[in-house]
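These notes concern the structure reproduced below.
The values are calculated or read from the model by the stated rules, or taken from the named source; none is laboratory data. No experiment lies behind these values; they were computed from the predicted model shown. Reconstructed Cβ throughout: ideal geometry from the backbone, glycine too, with neighbour counts over all protein chains shown. Only protein heavy atoms, including side chains, enter the accessible area calculation; ligands, DNA and RNA are left aside. Shrake-Rupley method; radii C 1.70, N 1.55, O 1.52, S 1.80 Å.
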Amino acid sequence: MTQLDVLHVFIIAGGTLAIPILAFVASFLLWPGILIKIYHWYWRRNLGLHVSYSYSEGYRFCYSYRGSPTTSPSLLMLHGFSSSKDMWLKVVKFLPKDIHLVCPDMPGHEGTTRSPSDDLSIDGQVKRIHQFVESIKLNKKPFHLVGTSMGGQIAGVYAAYYPSDICSLTLVCPAGLKIVPDNDFKKLLRELDEKQAYDKIPLVPTTTEEMAKMLSLCSYAQFNMPQQLLQGLIDVRLPNNDFYRKLFLEITNKKSRYCLHEQMDKIQAPTQIIWGKQDKILDVAGADILAKAIPQSQTVLLENCGHSVVMERPRKTASLLFDFLSSVSCSDNDKKQD
């Protein structure tokens, strides 16, 4: 091979490598939202998660799962407000691969049906999740249920409504509790409600600046995110913002606001409570309220951690969850007794 031939090989190789590099850079600069979706797809695949759909009474549920039901209880994971099943990716990374786990998109989120007539109250969402559970026959025997924030409230109320479905329960900074005194976030929401400034809900950002403020509000650690990434997060959320506003007003109205508080004394399952001490959305005082109401409960408060426990401390969350599941005794032959 001559020197000229070698030069040609390097030029071709360099050009071949340049194409995906340039495509990545172009995507990052021009279509960051698409790049985020590709990122989630990659991590689902890397972690062995599969996406599937279940249909029940004309309603479609989208969910990711790993593994198959075994003699050990399955794990159902409910994400928070305006998120998706992919919220759990960082936690799933640190969970043993032999646990059968299911992560649904909550009603109206991502790939699950979004209907104008759907009941988005906490009560309505609990019934939808039960519909999903029955559609995939997850409750042939009791399963572990975990939820965070809005998903935590739904998980807690689900455990109260359908105790025979549940083997144990993990609540990660759940909403739905009467916590006094009000924190700054609740005071801000009250002011917005009085002014009916529903386009200014802090958890429904419309600009990169509002997105940065929301991330700062939800996390203890402060992140200096590139503008392109913030724009990507906004691009993904903007088409859904009308729904998020409607949902937020539903879950914070009088019917739903304290639904978990009203039902927590009916929770029979062994319960794990995890909360970030520096939570600026839902005050950590909620952990003590739950602990006093649920007889079989244990509480873990995380230092230097805000509301986004699942995102800020995924390894710790997975470790706590696995240790708790290992400590809970569930009969292999337990079945629903309805």
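Numbers at a glance
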{"read-out": "Filter pass, Met87 being within 18 Å of the chain's Cα centre (by Cα), free of Cβ contacts under 8 Å to residues at least 60 places away in the same chain, under 20 Å from Asn241 (Cβ atoms) and surrounded by 17 or more Cβ atoms within 10 Å (Cβ to Cβ)", "value": "no"}
{"read-out": "Segment 31-45, residues that are closer than 19 Å to Pro96 by Cβ and either open to solvent by less than 80 Å² (accessible area, probe 1.4 Å) or under 17 Å from the mean Cα position of the chain (by Cα) (or both)", "value": "Trp43, Arg44"}
{"read-out": "Test: residue in segment 76-83 that is aromatic (Phe, Trp, Tyr) and either at pLDDT 95 or above or not in a helix (DSSP H, G or I) (or both)", "value": "yes"}
{"read-out": "Every residue from segment 266-287 that is part of a helix (DSSP H, G or I) and within 27 Å of Ile201 (Cα to Cα)", "value": "Ala285, Gly286, Ala287"}
{"read-out": "Only listed residue being out of contact with any Gly (no Cβ under 8 Å at 6 or more places or on another chain), open to solvent by less than 10 Å² (accessible area, probe 1.4 Å) and part of a helix (DSSP H, G or I), chosen from Gln125, Gln131", "value": "Gln125"}
{"read-out": "Single residue of Ala269, Ala293 found to be out of contact with any strand residue (DSSP E or B) (no Cβ under 8 Å at 6 or more places or on another chain) and small (Gly, Ala, Ser)", "value": "Ala293"}
{"read-out": "Considering residues of segment 288-321 that are more than 23 Å from Leu215 (Cβ to Cβ), in a helix (DSSP H, G or I) and in contact (Cβ under 8 Å) with a residue 24 or more places away in the chain only, the residue nearest to the chain's Cα centre (by Cα)", "value": "Leu321"}
{"read-out": "Failed criterion for Ala221 (all others in (1) modelled with pLDDT under 95; (2) open to solvent by 30 Å² or more (accessible area, probe 1.4 Å); (3) within 29 Å of Gln196 (Cα to Cα); (4) of a type in the set (A, V, I, L, M, F, W, C) hold)", "value": "(3)"}
{"read-out": "Val180, sole failed condition from (1) loosely packed, with under 14 Cβ neighbours inside 10 Å; (2) in a helix (DSSP H, G or I)", "value": "(2)"}
{"read-out": "Filter result for the condition that a residue is touching a helix residue (DSSP H, G or I) at 6+ places or on another chain (Cβ under 8 Å) and either exposed (fewer than 15 other Cβ atoms within 10 Å of the Cβ) or assigned to a loop (DSSP other than H, G, I, E, B) (or both), over Leu249, Leu230", "value": "Leu249"}
{"read-out": "Unmet criterion (only one of (1) in contact with a helix residue (DSSP H, G or I) (Cβ under 8 Å, 6 or more places away or on another chain); (2) open to solvent by less than 10 Å² (accessible area, probe 1.4 Å); (3) assigned to a helix (DSSP H, G or I)) for Ala155", "value": "(1)"}
{"read-out": "Total residues in segment 189-224, condition assigned to a helix (DSSP H, G or I) and either farther than 22 Å from Ile122 by Cα or acidic (Asp, Glu) (or both)", "value": "16"}
{"read-out": "Residue count, segment 84-113 (criterion: in a loop (DSSP other than H, G, I, E, B) and either on the phi > 0 side of the Ramachandran plot or of a type in the set (Lys, Arg) (or both))", "value": "4"}
